[in-house]
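Chemist: Below are the structure tokens for one structure; questions will follow.
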Amino acid sequence: MEFAIKETPELQELPEAPASEKGKLTSERFAEALSQCKTEAECLDQLLWEELPEREKGARLLAALGFQSKAMRYRDCHATGIPVDCQACGERYFSRYRCTLRFCEFCGPLHFSRFMEKYREPISSFVASQPTRRGRTLARLTFTVRASDRTPHPDEPRRLMKLVRRWFKAMMPGGTLWGCIFAIETGHELNVKHPGRQAGGWNLHIHALYYGPFLNHAEGLELWKRLLGDSGGFRVKQCAGWRKNPDRAVRRALVHHFGYIMKPAAISAERTVALEVLFAGIRRVHGLGCFYRLPKPKREVANARCPNCGQNLPLNLRAWHKSERSPVAGLEAEGRRDSRKLEAEMRRARVFQGGSP
Ligand SMILES: [Zn+2]
Ligand SMILES: [Zn+2]
């Protein structure tokens, strides 16, 4: 990966809400911001909200909700870049700016690769290194709650993650070896799979990959409902073939079970922003038991290379201040080319020449 994905902490961005605002539901705050943006578009730009490009809508909404810096980053993502000149051959390139917001369509997939990099190898090595597999399982767990039809309050994901921790604490007998990673997510905006479902896809739920003693489903469900103080669901599914090939089972489980959390669950700008606001400042992936603080895999820092001569490009990816980025259209007009895109094209060409991928 060529750049830091960690989100910049933006402490200035969450102004202390006045007492009257505190209890306000996310959906209400959101509706207010949306109507403010619509009015501004009509009065200031003489445009209908619907006519604005999705990115611009997203940026305006973020700003109206108090996330000014995220708004600027989101607006600039992919559409701006910095010039890069190869010191060796003199070719002139540009590199696109990335906002690193988790629900950005350009940046979400990068968070997912980072997640895979962090967990896949350490978990499969751990599982493979255990002296016995008897009496143990590697399983995908899902914890659900009763569906509600509005955007949850940010306290709700926090509460559910706390309950999952308590669930494991109560379920795991003392002295046993177990581990899990879990993540919280919402449903998808497009209901392709379940037409007629409730909650417009807002239903929060938790996915976990678990390794440890076999779980009693009825007991697990009972405990989950008791912790919730409400009805809820709990599912366990053992990962097929994990005893024979833990590496493949872990990879599959991560892709199928966690694939959605990092892929943008949103289609519209409104939904993207609502997710960004709901999860602002919330870490969504956590490790427990022996999956807490897994050994870090060695990261291969892939330097950006010149597609023309192969030399490292002088790319300081941390120095992406707002003033340094300029519109991609302008960079292209200077005759510059997107170095990463060129590199990808060349990689594809090599694959075709080499025959097998
Ligand atoms: Zn070069
Ligand atoms: Zn982005």
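Chemist: Search the range 128-150 for residues being touching a Lys or Arg at 6+ places or on another chain (Cβ under 9 Å) and among the β-branched types (Val, Ile, Thr), and hand back the single one that is surrounded by the most Cβ atoms within 10 Å (Cβ to Cβ).
Modeler: Thr144
Chemist: For the range 86-98: of the residues being more than 16 Å from ligand 1 (Cβ to nearest atom) and surrounded by 21 or more Cβ atoms within 10 Å (Cβ to Cβ), which is farthest from Leu313 (Cα to Cα)?
Modeler: In this case the residue turns out to be Arg98.
Chemist: Moving on. Which residues, counting only those in the range 68-85, are in contact (Cβ under 8 Å) with a residue 60 or more places away in the chain, surrounded by fewer than 23 Cβ atoms within 10 Å (Cβ to Cβ) and closer than 27 Å to Ser35 by Cα?
Modeler: Across the range 68-85, the qualifying residues are Ser69, Met72, Asp76, Ala79.
Chemist: For the range 137-157, give me each residue that is modelled with pLDDT of 95 or more and among the basic types (Lys, Arg).
Modeler: Once the filter is applied, which keeps residues that are modelled with pLDDT of 95 or more and among the basic types (Lys, Arg), the range 137-157 yields only Arg140.
Chemist: Glu105: more than 12 Å from ligand 2 (Cβ to nearest atom), within 30 Å of His256 (Cα to Cα) and among the acidic types (Asp, Glu), yes or no?
Modeler: Criteria not met by Glu105.
Chemist: Related question: Given the structure, is Arg55 without any contact (Cβ under 8 Å) to a residue 60 or more places away in the chain and either among the basic types (Lys, Arg) or not assigned by TED's automatic domain parsing to the domain that holds Arg336 (or both)?
Modeler: Against the criterion (without any contact (Cβ under 8 Å) to a residue 60 or more places away in the chain and either among the basic types (Lys, Arg) or not assigned by TED's automatic domain parsing to the domain that holds Arg336 (or both)), Arg55 does not qualify.
Chemist: Quick test of your reading of the structure: Ala139 fulfils all but one of (1) more than 26 Å from Leu331 (Cβ to Cβ); (2) assigned to a loop (DSSP other than H, G, I, E, B). Name the failing condition by number.
Modeler: (2)
Chemist: Which one is nearest to Gly229 (Cα to Cα) among residues in the range 144-166 that are hydrophobic (A, V, I, L, M, F, W, C) and touching a helix residue (DSSP H, G or I) at 6+ places or on another chain (Cβ under 6 Å)?
Modeler: Applying the filter and picking the extreme gives Leu163.
Chemist: Taking the residues in the range 301-327 that are surrounded by 18 or more Cβ atoms within 10 Å (Cβ to Cβ) and within 16 Å of ligand 2 (Cβ to nearest atom) as candidates, determine which candidate is modelled with the highest pLDDT.
Modeler: The residue in question is Arg325.
Chemist: Looking at Tyr74, Tyr97 in this structure, which one is in contact with a strand residue (DSSP E or B) (Cβ under 8 Å, 6 or more places away or on another chain) and not small (Gly, Ala, Ser)?
Modeler: Tyr97
Chemist: Further question: How about the range 101-129: which of its residues are closer than 22 Å to Gly289 by Cβ, part of a helix (DSSP H, G or I) and not charged (D, E, K, R)?
Modeler: Scanning the range 101-129 gives Phe115, Met116, Tyr119, Pro122, Ile123, Ser124, Ser125, Phe126, Val127, Ala128.
Chemist: Something else: Based on what the data block shows, is Glu117 farther than 30 Å from Ser27 by Cα, at pLDDT below 95 and surrounded by fewer than 17 Cβ atoms within 10 Å (Cβ to Cβ)?
Modeler: Taking the combined requirement at face value, the residue satisfies it.
The values are calculated or read from the model by the stated rules, or taken from the named source; none is laboratory data. None of the values given here were measured: they were computed from a predicted structure. Don't worry about glycine lacking a Cβ; one is built from the backbone with ideal geometry, like all the others, and counts go over all protein chains shown.
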